[in-house]
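We did not get these values from a lab; they are worked out from the coordinates using the rules stated. Remember, it's a predicted structure, so these values are computed and weren't measured experimentally. Cβ atoms come from the backbone with ideal geometry, glycine included; neighbour counts cover every protein chain shown.
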Protein chains: 2
Amino acid sequence: MSKILQRNLYREVADRIGDLIEHGELAPGERISEKQLCEKFGVSRTPLREALKVLATEGLIELLPNRGARVVRLTFKKVKDTYDLMAALEGLSGELACQHISDAEIAAIRQLHDTMLEHYRNQDLMAYFEINRKIHESILAASRNDVLQEMYSNLSQRVKRVRYSKKMTQTFWRQAVQDHENMIAALEKRDSQKLGQILREHLCNKLEVATLAGVIEDGSLSPENSAENSPVHSTENSAVNS
Amino acid sequence: MSKILQRNLYREVADRIGDLIEHGELAPGERISEKQLCEKFGVSRTPLREALKVLATEGLIELLPNRGARVVRLTFKKVKDTYDLMAALEGLSGELACQHISDAEIAAIRQLHDTMLEHYRNQDLMAYFEINRKIHESILAASRNDVLQEMYSNLSQRVKRVRYSKKMTQTFWRQAVQDHENMIAALEKRDSQKLGQILREHLCNKLEVATLAGVIEDGSLSPENSAENSPVHSTENSAVNS
DNA sequence: ACAGTAGCAATTGAATTCATAATTACTTTT
DNA sequence: AAAAGTAATTATGAATTCAATTGCTACTGT
């Protein structure tokens, strides 16, 4: 049925490090000491270094030749670029989903949708987000495109640590709910063009980007800015103000 | 300027193995012996295994626990899924390019376009494809989205070994050229919606998928079909005659 | 004769060891 | 006293070694 999950040590270690990054226990830009992590996880350097190589190709850390690894610093531009991509992928997933989704799956999503509305009425943001995630996941699964799902999952991983959207204005929230109403409608009519468009323009992404502009500006994500060796600061931060 | 290319041994090895796969010297489904490759490249097992882990996350090979690695078998569905994704990414790149591209870059693409038309008139397929690739690359670069470029490049790698479209009917070719005419027009008008749409529907992808359907059916890509452990050889040989 | 189990060979997974590169601290010179 | 250069220490890159799992083959029992 689903994929056989291979439990190699390197994969386990990679996941654990990913968690550390997501929860901020490994700060952005922080240098990662191999020995330190070896002791923390109780493994030898070989599987740990394999894990680091993998995490680097997954875009979570970057490797400095002969100088070890460090957590990638999420600049505003990087996050924006990633969200643009994710929006495009969500759009595609919507189009494909309309072509392949079963009636049972639509019914299940409708069910989720109704539950989500309930949470909206109760103003339960956490519960709302959880169901929201499940709905998008269901559509993604209905696309029947494994490569797409893999890519989306990877992109999602990269920006996970900034996905906490604590503040959600009523206007935005209301609009998001409206988007979801339209999504369900398009899905039930199997209007792939429409669903694709809605998902591409779905507020969630734009909203998060908007709020993030503030968050990142605060310096909470990029403590010592993006420039490593160049003394000149580029326009990336000033762009936030425009 | 551009990224500092780190020349780690593992990256070098990974690229070399990638080449072997692309050129078919490592057959699809073939088991990869670590020792064998170590001797071939003259490196120890450590960097080689790091390379294998990376190639696995890049989707070129798959790792069987305690049984080594093997080249992924490109099924028709996998290729189709990948092309669908690439089309979506090209579409996005078009939209973004219209927003960021400079006049100089447009002029350069126009230049490429004219050269390509020349090759079309001379019916020089190889030269045509080369310029065609450069044009799409230029648009991708103009999107100013590094994540997008990285993802596209990865997807492109995965299906590289089947991208040889030797046969190109005149009808298809003519349509492709027409598409490119429209692309340039949209680009010069900076009509992002239009360019996006053209790129998403650009014949190249659909054409390749169509021809590939034949190629893969021939068994040249999946020698023993998609089934892994089934002892029964299905229609693979009889299909060649049909 | 066929099937199941046990033993052996081979290959991968992980750890330890060795080498090389970088960084830091200390000393010397200006 | 400050700066530069050299040496030493630390950390990463690579190789070798060790252990464990797998697959194959042979032998025995039914």
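A DSSP coil position with no more than 14 other Cβ atoms inside 10 Å describes the following trypsin sites (Lys or Arg not before Pro) in segment A:141-184: A:Arg163, A:Lys166, A:Lys167. Note: segment B:76-217, Cα convex hull, 92 Å³ per residue. In nanometres and ascending order, the distances from the A:Glu34 label point to those of the other copies are 1.6 (point 7 Å from Cα along Cα→Cβ).
Placing +1 on each Lys and Arg Cβ and -1 on each Asp and Glu Cβ, with no other charges, gives segment A:9-71 a dipole about its Cα centre of roughly 320 debye. For segment A:9-71, the relative contact order is 42 percent, taking Cα pairs closer than 8 Å that sit 6 or more residues apart in sequence and dividing their mean separation by the residue count.
In this assembly of identical copies, the label point of A:Asp124 (Cα plus 7 Å along Cα-to-Cβ) is separated from its counterparts by 6.8 nm, sorted shortest first.
The 3J(HN,Hα) values that the Karplus relation (6.51, -1.76, 1.60; θ = phi - 60°) gives for segment B:50-55 are, in residue order, 4, 4, 5, 4, 5, 4 Hz. Gly and Pro appear as x. Among the residues of B:55-63, the average count of other protein chain beta-carbon atoms within 10 Å of the residue beta-carbon is 3.
Counting from the shortest, the label point at A:Arg144, 7 Å from Cα toward Cβ, is 4.0 nm from the same position in each remaining copy.
Please go through the residue pairs A:Lys160/B:Lys134; B:Lys134/B:Lys189; B:Lys80/B:Lys189 and name each one whose alpha carbons sit more than 30 Å apart in this structure. Intermediate values should be presented prior to the final figure.
Details: A:Lys160/B:Lys134 34 Å; B:Lys134/B:Lys189 21 Å; B:Lys80/B:Lys189 32 Å.
Pairs exceeding 30 Å: A:Lys160/B:Lys134; B:Lys80/B:Lys189.
The phi-based Karplus calculation (6.51 cos²θ - 1.76 cosθ + 1.60; θ = phi - 60°) puts the 3J(HN,Hα) values of segment B:134-141 at 5, 4, 4, 5, 5, 5, 4, 5 Hz, whole numbers, x for Gly and Pro.
Between amide H atoms placed 1.01 Å from N, distances below 5 Å from A:Ile32 occur with A:Ala69, A:Arg70, A:Val71, all of them 5 or more places distant or on a separate chain. Near the amide H of A:Asp124, under 5 Å away, which other amide H atoms are found, from residues 5 or more places off or on another chain, if H is placed in the peptide plane? Under 5 Å from the amide H of A:Asp124 lies no amide H from a residue far enough along the sequence or on another chain.
Can you work out the FRET efficiency for the pair B:Ser44 and A:Gln36, with r the C-beta to C-beta distance and R0 = 22 Å, to the nearest 0.05?
Details: r = 25 Å, r/R0 = 1.13.
Efficiency for this residue pair is about 0.30.
Across peptide B:89-97, the average count of Cβ atoms from other chains found within 10 Å of a residue's Cβ is 3. Among the residues of B:80-86, the average count of other protein chain beta-carbon atoms within 10 Å of the residue beta-carbon is 5. Rounded to the nearest Hz, the phi-derived 3J(HN,Hα) couplings of segment A:194-199 under the Karplus curve 6.51 cos²θ - 1.76 cosθ + 1.60 (θ = phi - 60°) are 4, 4, x, 5, 4, 5, where x marks glycine and proline. Counting other Cβ atoms within 10 Å of each Cβ, which trypsin sites (Lys or Arg not before Pro) in segment B:47-93 have at most 15 and sit in a DSSP loop? Passing sites in segment B:47-93 are B:Arg67.
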